[in-house]
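Novice: I'd like to ask some things about the structure below.
The values are calculated or read from the model by the stated rules, or taken from the named source; none is laboratory data. Quick caveat, the model's predicted, so the values are computed rather than measured. So basically every Cβ, Gly included, is an ideal-geometry build from the backbone, and we count neighbours across all protein chains shown.
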Amino acid sequence: MATLIFHSMAASAYLWTAMMAADEKGVDHELSLLTLGSETHLRLHPFGKMPVMQHGQVILYETQAITHYIDRAFDGPPLQPADPLGQAETLRWVSLINAYVFPVMNRFMKERLVRPAWGFEPDQAFLETARDPLRLQIRLIGEAVEGQGFLVGDRLTLADAFLLPHLLFFGRTPEGAALLDATPAARRWLDRMMARESYVGSAMAIAYSAFHGLAADPEPIWGPG
Ligand SMILES: N[C@@H](CCC(=O)N[C@@H](CS)C(=O)NCC(=O)O)C(=O)O
């Protein structure tokens, strides 16, 4: 049995963040598949979300808590700066990714790529109103990574692991690709993250490759400017 067990469905962005944190620390892990909303799922996570982490007797849900635990419980490179400001900045990024980035980028990608592939009309009003927050988010991400290459400081932190799945899949939409092309520092960050050992061959990378089968309408709804 692996050191860590992640209880989750396989295609979960937050699972991929937790797995990346474990891989960056060099901690082996395995996936125990959950059925969404099942009795087992709700026993592990009363809010019916995923992933849930198990380490021996320790069972944790909420990805921020899970990744913090992985960082502190195991040897390996630290995934949070030691100084108070660096730590606060990491927490700020994780918080804003959870509160603002995930709800817009993830939904935009689903409306733009997944719903049409399933034969449903996307929510055009949402796609339009997402434009300004997405532009703002990519601008702030670009500014943050421009100097030292990562969201906080000059090495990967939990903040980068939280952002990666959302920016990765958003970048598959024509609007996401255009915003990344217009923000070279963000594009370079994405390329660097995708070159890491913790990404190559990961469940996230496999899901991303499979996503290339989804053909979005290539005509952008709005541009980067
Ligand atoms: N606050 C949770 C959010 C996790 C989350 O939203 N996970 C998604 C998968 S990426 C999920 O559980 N979706 C199922 C649902 O919302 O019904 C965390 O940080 O772990």
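Novice: Would the stretch 135-158 turn up any residue that is outside the structural domain of residue 18 (by TED's automatic domain parsing) and under 16 Å from residue 221 (Cα atoms)?
Specialist: Yes, the stretch 135-158 has at least one match.
Novice: Then there is this: Within the set of pairs 6+ apart or on separate chains, which have a first residue in the stretch 8-21 that is touching a residue at least 40 places away in the same chain (Cβ under 8 Å) and among the β-branched types (Val, Ile, Thr), a second that is assigned to a helix (DSSP H, G or I) and near the ligand (Cβ under 8 Å from one of its atoms), and C-beta atoms under 6 Å apart?
Specialist: 17/63
Novice: OK, next. For residues in the stretch 35-91 being among the β-branched types (Val, Ile, Thr) and touching a residue at least 40 places away in the same chain (Cβ under 8 Å), which is farthest from the ligand (Cβ to nearest atom)?
Specialist: Filtering first and then ranking leaves 90.
Novice: Restricting attention to the stretch 161-202, which residues are within 17 Å of residue 15 (Cβ to Cβ) and either within 16 Å of the ligand (Cβ to nearest atom) or not assigned by TED's automatic domain parsing to the domain that holds residue 113 (or both)?
Specialist: Passing the criteria: 161, 162, 163, 164, 165, 166, 167, 168, 169, 202.
Novice: Now a separate question. Please enumerate the residues belonging to the stretch 3-34 that are away from the ligand (no atom under 13 Å from the Cβ), of a type outside the set (S, T, N, Q) and over 20 Å from residue 77 (Cα atoms).
Specialist: Selection gives 5, 30, 31, 33.
Novice: Let me ask something additional. For residue 148, which of the numbered conditions (1) closer than 24 Å to residue 83 by Cβ; (2) polar (S, T, N, Q); (3) touching a residue at least 60 places away in the same chain (Cβ under 8 Å) fails to hold?
Specialist: Answer for residue 148: the failing condition is (3).
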